[in-house]
Structure formats: structure tokens, C-alpha cells
């Protein structure tokens, strides 16, 4: 969430309910485990968690008992009472709680500013009391436990979490829960959670034979199976066709570059922790690329550019490699090697507003083609530390915001949230069950053109610095594929389905006709498969539905005699017998319209 969104949430009644429920959960846990040690317990986007150091591992039965205790506490109508105290008083209250003592000592030394940086200013130390429980906390909370609906809370699961996120510190047990204002909201949330499990791209990726990850190959490195690779190729084909229609030039760049390249770009100075160790080639260090942009800048620099040449738009499906700790790797959505659909725009100052409009319009055009219709934009503006002339920052921010307004996109501003080298827009899309996924980023860069000394010859004959815009539309092929799997639950629309039609001969005598039909459909550019197994027809239909194939074409004596197919859709809809030409027309229409 953007900073503004965070601030609104933290002042909301729902945040107070969740924060208060976390305290109630801690009280219930200590009732069951009096010797337990408590750490921290904040409200988060969809609920809350609290970390505990307990004498044994928690079980599902423990969570049920803790939840029962929580509801009893809530019904006790206990007020939440805040007190501001000294560090000495706090240490006495929490004398048997080592994690709280560490937090108090940190507060004594000084707090953190809004960006998480140390500051000499010492924040006030406050506690909140409810019933028999006291916690070190700055709030906010509801005024009384009666404001929490006991039928709208649920403990979800337990996971491990290192104290302060440091793997050298103790491993704690983190209990996750959720709380809502109404029981109906809780039920809706739990349904979405269950639906999310069914749609998990890691689960469906295995069931539908789309991709895998192998320890022998390396974690975070994706193996694309034939069906997954087919979907990827369809995405890339559409991506390439549309980029060409909209006036991009395609480029290809190497997977490695000399250390000097990454020194010039600043990656070795600011990004080295995300890069892999160098390799030595004839005494020179080379690095596997974490980004494509420096190569695109050198392509720009390879020729003298005139103001008449601009705008220039380079696009590349470029594979990059970034160091990620094994603990954060997650299927397709957090990997070590991935292919970015990168683009870099170079334009004159007078072209910049129109170029931003172009990028926004093109991004929405592509995302809508893949079935996304709900968008939320986040505009991140100039931070305290930045490079580039203030006038350029102001012009770029205005161009970004004006374009969002012209496209009637809902957006929030994250003041000071931009990178030091330029403002940006992030687009998040909502999937079929209402979850937000970040995909597109449109990022100004005032730093790299300076570092690489990019210029064009202006109308007055003087070398002039161009504006440069980074754009990753889908983000990466791996992550976008994961999002698509979950958005569609693996049931891709016909234009993206790896197998569009399953031909099911009822008996062996129908196989030749099925194969002739398959050849005819392939001539019409359909992706088809003939199920020649000896299983019964109904079993074949069920299997095709499990594989989420859009069309099932059953052929028997009648269909063979009349040159027809009996069409069923994966939804279960039975359209009955029809001429082959009618099916081709129906399916072609759905594919071309991307239904």
C-alpha cells in the first residue's frame, strides 16, 4: 500500500479493531501459557499477527482454544486504557518479558523517523491495558472490547518468524488472525482465502503440467514445461505484435556485462547486494545482468541523435538475474532468474507529456487484453534526496498525474515515495477474487542519462539531455504468468489456452475421423489434442474439464456420418451437434475477441 493508503488505514475503525484483537489474542495465549514471552503484534493489511516464544509448538487444537478464550475476553466488555510512563516504569512492568525490554531499551536510545531511519528524538513510551493484559504499545485501539464482534474474528495459522527478522536471533511462533466489523465480511474473506488456495499457481502449475522448479537445477529458476511454454509464447507473440503496431523498436542485449558498465550505471555502488558474484574472463570482471537498461543506453549512444529522431522507443524481452534469499522465493512470483518485458523511451522535453500519455494508454490496452479491468495507480513523487533539476521533477510529476486524470484512473499519491532518480507510476490490477497485483511501472530516470552522458542535437544545434522513461508493462513473464494462472484459476481464455480443443472419439472406429478433424482444425490454427485412450467417454470429458480445456468435441457414428462435432464447454454447457464449420466460426470468434 502507498503511504497515504497506510495512513488512512491506520486511522480507520477496522485497523483499531484488528490492533485491539491482536492484544486480546496475546492475553488469551498467556492465559494458556503463563510462562510465554510476547514480542510484537501489529495489525496488517487483512488482519493481524503476534509473535510468541512458547514452551512448545502450537497445534490447530491450540488455535481453537485460544480463539474460544478470545471471544470470552471480548464479551467481558473491558476498556482499553492508555498510560504514558517512563522507561524505568516500563522495565518494571515487563521485567519478565525480554523482548519487550529490548524494545524499551531501543526507545530509550531514540526512535525511528517515518522512513525507518534512526533519529535522536525519543518517542513517548506508552502502554495499553485491557482486562488482565498490559502491552507496550502506541495504539490506536477501540475504547472497549465490546466494539469488537466476536463472530467476526478468526485465527488462521501459525508460522515461524525470527525475532526482528534476524536469522541469528530466536525463532518465534507467529499466529496470524483476521478481524472484521461484520460476520458477513469475515465469511467473504474466508471464502476468498479458500478460493486463493484453489487458485495457487504453484498447485495449478503442477496439476496442469505448466512449470516446475528443481533443487538440482536451482531454486528460483523456472523450468517451463511444453504447456506453460505454449502460453508464454502466445503472450510474447501478442506482446510483440502490439509493440510493433504501436511503434516500438525491438532490441536484444547480452546476459553479462563488464564491471565498468555496472560502475557507470551505479549498480555496483547502490545495487550490488542484489547482484551475483562476478566471473573472470581473461582477467576482466563480468557481471550477470540484474537489469537491461544500461545496454539500452549504449544502443542509444551508438549513434548521434537529432531532435528529429525522437521519440525513440526500445523494447526487449530481456532475461535478468537477481539475488534473492531462499526464504523469500515463491513459485513464479519471486524468483532469481526472470524475463522482463522492458522498454525505454527517449524523448524531448516538449514530447514528454504526450509520451507519458502514450505509455499509459498502451499499458492499459495490453492489460485489458489479458482480462484485467480494475486498476489502481500509485504516483510516487520526489524524495528528500534526489538527482535531477527541480523543474524536470515538477514537469515529470505533472505529466504523470495529468495522464492519470485524463484516463480517469483512480490513483493515490505517495509523497516523497519516488526513487532518488525520478518519479513513477505503479499500476495494480485486481484479479477475479479482488486481490491487487502490481504489474506495470512507468519510471522517470534523471540519473542514467547523466551517468551515460546521453544527448541529442536540439533544433538550435546544441547537445541536449533527453528525458528517459523506464517501462515494465507485464513486470516479468514469470510473475505475470503466475498472476494469470491465479486470475483465471488455470482456466485460460480460449486464445491463451495451451490446448483449445480436446477431441474425444467415443469408440476406436471413430479415431480416424477424430484425427482428420484434428488436422482440419490445425489448418485453421487451433491447438487440439485427440484422446485415444480406451477409457469411457464420460471419463475423458471429466479429465478434459480437469485440464481446463475450453472445448470438448465428442465424435461418434452420427458426427462421423454428418461431418459434425458434438460440442461441450469446460463449464459443462452442452451445445450439442453442429457442423464442423460452425464450430470453427464460433471458436474463431471467441479467440479473436479474446473472450
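FYI, it's all coordinate maths here, none of it is from the lab. None of the values given here were measured: they were computed from a predicted structure. Note: ideal-geometry Cβ built from the backbone for every residue, glycine included; neighbour counts use all protein chains shown.
Under Stokes-Einstein, with the Kirkwood radius over Cα pairs standing in for Rh, what whole-number D in µm²/s applies to segment 226-280 at 20 °C and 1.002 mPa s? The partial results should precede the final answer.
Details: Rh = 14.5 Å.
This corresponds to a translational diffusion coefficient of 148 µm²/s.
In square nanometres and to one decimal, what's the mean projected area of the convex hull around the Cα atoms of segment 125-255? Present the calculation step by step, with values, prior to reporting the outcome.
Details: hull surface 64.7 nm².
In nm², the orientation-averaged hull projection of segment 125-255 is 16.2.
Can you compute the radius of gyration and Dmax for segment 450-593, using only the Cα atoms, both in Å?
Values for segment 450-593 (Cα only, Rg and Dmax): 23.8, 79 Å.
What spacing in nm lies between the two simple spin-label points modelled at residue 563 and residue 324, each 7 Å away from Cα in the Cβ direction?
5.2 nm
Expected output is a single nm value to one decimal: the length gained when fully extending between residue 13 and residue 298, i.e. 0.36 nm times separation in residues minus the C-alpha distance. What is it?
In short, 97.3 nm is gained.
Assuming R0 = 45 Å, what is the FRET efficiency of residue 529 and residue 284, from their Cβ-Cβ distance, to the nearest 0.05? Walk me through the intermediate numbers first.
Working: r = 50 Å, r/R0 = 1.12.
FRET efficiency, residue 529 to residue 284: 0.35.
Give me the Kirkwood hydrodynamic radius of segment 3-197 in Å, from all C-alpha pairs, to one decimal place?
Working: mean 1/r = 0.0573 Å⁻¹.
For segment 3-197, the Kirkwood estimate is 17.4 Å.
Using a Förster distance of 45 Å, how high is the FRET efficiency between residue 184 and residue 593, based on the Cβ-Cβ distance and rounded to 0.05?
0.80
Quick check on packing: order 13-21, 229-237, 478-486 by the mean number of other C-beta atoms within 10 Å, highest mean leading. Mind dumping the intermediate values first?
Numbers: 13-21: 21.7, 229-237: 16.3, 478-486: 24.6.
Going from most to least packed, we get 478-486, 13-21, 229-237.
Out of the DSSP beta bridges found with both residues in segment 501-592, what percent are antiparallel (nearest 5)? Intermediate values should be presented prior to the final figure.
Working: 9 of 17 bridges.
Restricted to segment 501-592, the bridges split so that about 55 percent are antiparallel.
For segment 333-432, what does the alpha-carbon gyration tensor say about shape, rounded, prolate or oblate, given a ≥ b ≥ c as the root eigenvalues, a/c under 1.5 as rounded, and a/b over b/c as prolate?
Prolate, since a/c reaches 1.5 and a/b exceeds b/c.
Taking a virtual spin label 7 Å from the Cα of residue 458 along the C-beta vector, which residues in segment 353-371 bring their backbone nitrogen under 20 Å of it?
353-356
How many angstrom separate the Cα center of segment 41-111 from the Cα center of segment 549-595?
61 Å
Taking only the Cα atoms of the chain, how large is their convex hull per residue, in Å³?
208 Å³
Which value at 222 nm does the chain reach when only helices count, each DSSP H run of 4 or more adding -39,500 (n - 2.57), with the total divided by all residues and rounded to the nearest 500 deg cm²/dmol? Provide the component values of the computation, followed by the final result.
Details: 19 runs with 219 residues, N = 595.
When only DSSP H runs of four or more count, the value is -11500 deg cm²/dmol.
Would you mind ranking 488, 271, 252 by Cβ crowding within 10 Å, fewest neighbours first? Write down the numbers at each step before the final one.
Details: 488 19, 271 14, 252 10.
Arranged by neighbour count, lowest to highest, 488, 271, 252 become 252, 271, 488.
Take every Cα pair under 8 Å in the chain that's 6+ residues apart, average their separations, divide by the length, and report that relative contact order as a whole percent. List each step's numbers first, then the result.
On the way: 1051 pairs, mean separation 60.7, N = 595.
Normalised by residue count, the contact order of the chain is 10 percent.
Can you grab the distance from the C-alpha centre of segment 438-460 to the C-alpha centre of segment 270-340, Å, no decimals?
Measuring centre to centre over Cα atoms gives 16 Å.
Among DSSP beta bridges lying fully in the chain, give the percent that are antiparallel, nearest 5.
Working: 82 of 97 bridges.
If we restrict to bridges inside the chain, about 85 percent are antiparallel.
Want the number for residue 350 to residue 167: 0.36 nm per residue separation, take away the alpha-carbon distance, what's left? Before the final figure, lay out the partial values.
Working: separation 183, 0.36 × 183 = 65.88 nm, distance 5.13 nm.
Taking 0.36 nm per residue and subtracting the Cα distance, the gain is 60.8 nm.
Assuming a ≥ b ≥ c are the square roots of the Cα gyration tensor eigenvalues, decide whether segment 201-318 counts as rounded (a/c under 1.5), prolate (otherwise, with a/b larger than b/c) or oblate.
Details: a/c = 2.96, a/b = 1.22, b/c = 2.43.
Oblate, since a/c reaches 1.5 and b/c is not below a/b.
Any number yet on Rg/Rh for segment 322-389, C-alpha, Kirkwood? Intermediate results must be reported in sequence, preceding the final value.
Numbers: Rg = 16.8 Å, Rh = 16.0 Å.
The Rg/Rh ratio comes out at 1.05.
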